[in-house]
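Data first, discussion second: the structure below is written as structure tokens.
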Amino acid sequence: GESVGLHLPTLSVQEGDNSIINCAYSNSASDYFIWYKQESGKGPQFIIDIRSNMDKRQGQRVTVLLNKTVKHLSLQIAATQPGDSAVYFCAEKSDSWGKLQFGAGTQVVVTP
Amino acid sequence: EAGVTQFPSHSVIEKGQTVTLRCDPISGHDNLYWYRRVMGKEIKFLLHFVKESKQDESGMPNNRFLAERTGGTYSTLKVQPAELEDSGVYFCASSQHILAGGPNEQFFGPGTRLTVL
């Protein structure tokens with residue numbers, strides 16, 4: 001049988017469409033939330049972060065939304081491109097020393 | 001400026017052997033973190049150095065894992081003896097200073113893929 005955790009949730013997106021990646025976090029005391037992108041063979045790369053006292057932050061082609069009521073974080077990528085294919089992780093800065101707690105990750109596959 | 005580097009990129013060893021992973025953080029970064037991702041699951045925190053001191057090692061799985069950061073520059077993570085469940089990708093990250101209430105952006109290395117047979 002399939003083992004829990006071996007297969008990442010996958011989001012298949014057509015090139016040019018918008019992508020929305022969702023994440024649930026656990027610690028209501030976390031003060032920063034970060035999205036990372038991990039391409040094959042590389043380490044996680046910072047995309048965008050948001051402070052806990054904000055509910056929306058925009059970057060270049062990306063927007064992060066934070067809903068503290070339901071402990072939910074989302075990343076929106078506008079006009080998804082082939083180079084956006086990667087695993088996306090949400091993370092929360094869970095203590096004052098910068099320790100990060102990561103979510104499970106979502107595999108984004110961009111199709112032509 | 002060079003980013004975080006890790007060596008080796010891949011390591012394949014047999015159960016019971018010893019492996020040492022190395023991380024060179026970005027020059028001047030006081031904070032160095034080790035994380036690992038096992039079997040496609042989430043990335044989990046292992047430990048955090050501030051310069052040469054261990055600030056938090058709450059994520060270290062057991063006493064088979066030993067991390068050092070002599071002189072506050074590069075760090076090593078030794079697994080002795082390695083077990084099958086230690087297989088995964090080990091990431092190192094560094095950050096400059098920790099500001100109260102700040103984001104403390106961490107820069108990650110490419111990781112070391114460890115396979116224990």
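The values are calculated or read from the model by the stated rules, or taken from the named source; none is laboratory data. Computed from a predicted model, the values in this text were never measured in an experiment. Counting neighbours? That spans all protein chains shown, and the Cβs are built from the backbone with ideal geometry, glycine included.
Filtered by the rule that a residue be within 12 Å of chain A (Cβ to nearest Cβ), surrounded by 16 or more Cβ atoms within 10 Å (Cβ to Cβ) and either of a type in the set (A, V, I, L, M, F, W, C) or in a loop (DSSP other than H, G, I, E, B) (or both), region B:56-68 gives a lone residue, B:Gly59.
Selection of first residues in region B:28-55 that are in contact (Cβ under 8 Å) with a residue 12 or more places away in the chain and within 9 Å of chain A (Cβ to nearest Cβ) and of second residues that are assigned to a strand (DSSP E or B) and β-branched (Val, Ile, Thr), restricted to Cβ pairs under 8 Å at least 6 apart or on distinct chains, gives the following pairs, ordered by first then second residue: B:Asn31/B:Val50; B:Tyr35/B:Ile43; B:Arg37/B:Ile43; B:Arg37/B:Val89. Taking residues in region B:11-23 that are assigned to a strand (DSSP E or B), and partners anywhere that are among the polar types (S, T, N, Q), the pairs with Cβ atoms closer than 6 Å and at least 6 places apart or on different chains are B:Val12/B:Thr115; B:Val19/B:Ser11; B:Thr20/B:Thr76; B:Leu21/B:Thr112; B:Arg22/B:Thr76; B:Cys23/B:Gln6; B:Cys23/B:Ser75. Say we look at region A:28-44 and pick out the residues that are surrounded by fewer than 13 Cβ atoms within 10 Å (Cβ to Cβ) and polar (S, T, N, Q); which of these is farthest from the other protein chains (Cβ to nearest Cβ)? Top of the filtered list is A:Ser28. Select from region A:19-49 the residues that are among the aliphatic types (A, V, I, L, M) and part of a strand (DSSP E or B) and write down the one among them that is farthest from B:Val89 (Cα to Cα). Top of the filtered list is A:Ile20.
Residues in region A:50-76 that are among the charged types (D, E, K, R) and at pLDDT below 95: A:Arg51, A:Lys68, A:Lys71. Apart from one condition, A:Ala79 fits all of (1) crowded, with 18+ Cβ neighbours inside 10 Å; (2) modelled with pLDDT of 95 or more; (3) on the phi > 0 side of the Ramachandran plot; the exception is (1).
The set of residues in region B:69-99 that are away from chain A (no Cβ under 14 Å), within 11 Å of the chain's Cα centre (by Cα) and among the small types (Gly, Ala, Ser) contains only B:Ser75.
The residue list A:Gln60, A:Gln107 contains one member that is out of contact with any Asp or Glu (no Cβ under 9 Å at 6 or more places or on another chain) and outside any strand (DSSP E or B), which is A:Gln60. For the criterion of being touching a Phe, Trp or Tyr at 6+ places or on another chain (Cβ under 9 Å), within 14 Å of another protein chain (Cβ to nearest Cβ) and of a type in the set (Gly, Ala, Ser), A:Ala86 fails.
Taking region A:89-112 as the range and being within 14 Å of another protein chain (Cβ to nearest Cβ), in contact with a Leu (Cβ under 8 Å, 6 or more places away or on another chain) and surrounded by fewer than 21 Cβ atoms within 10 Å (Cβ to Cβ) as the test, the residues that pass are A:Ser94, A:Ala104, A:Thr106, A:Gln107. Residue check: A:Val62 meets all listed conditions (1) under 30 Å from B:Cys23 (Cβ atoms); (2) within 14 Å of chain B (Cβ to nearest Cβ) but one, namely (2). Of all the numbered requirements in (1) under 30 Å from A:Met54 (Cα atoms); (2) among the basic types (Lys, Arg); (3) modelled with pLDDT under 95, B:Lys51 misses one, and that requirement is (1).
Within region A:53-84, being touching a residue at least 40 places away in the same chain (Cβ under 8 Å) and in contact with a strand residue (DSSP E or B) (Cβ under 7 Å, 6 or more places away or on another chain) holds for A:Lys71, A:His72, A:Leu73, A:Ser74, A:Leu75, A:Gln76, A:Ile77, A:Thr80, A:Gln81, A:Pro82, A:Asp84.
Taken over region B:72-114, the residue count meeting the criterion of being assigned to a loop (DSSP other than H, G, I, E, B) and not acidic (Asp, Glu) is 19.
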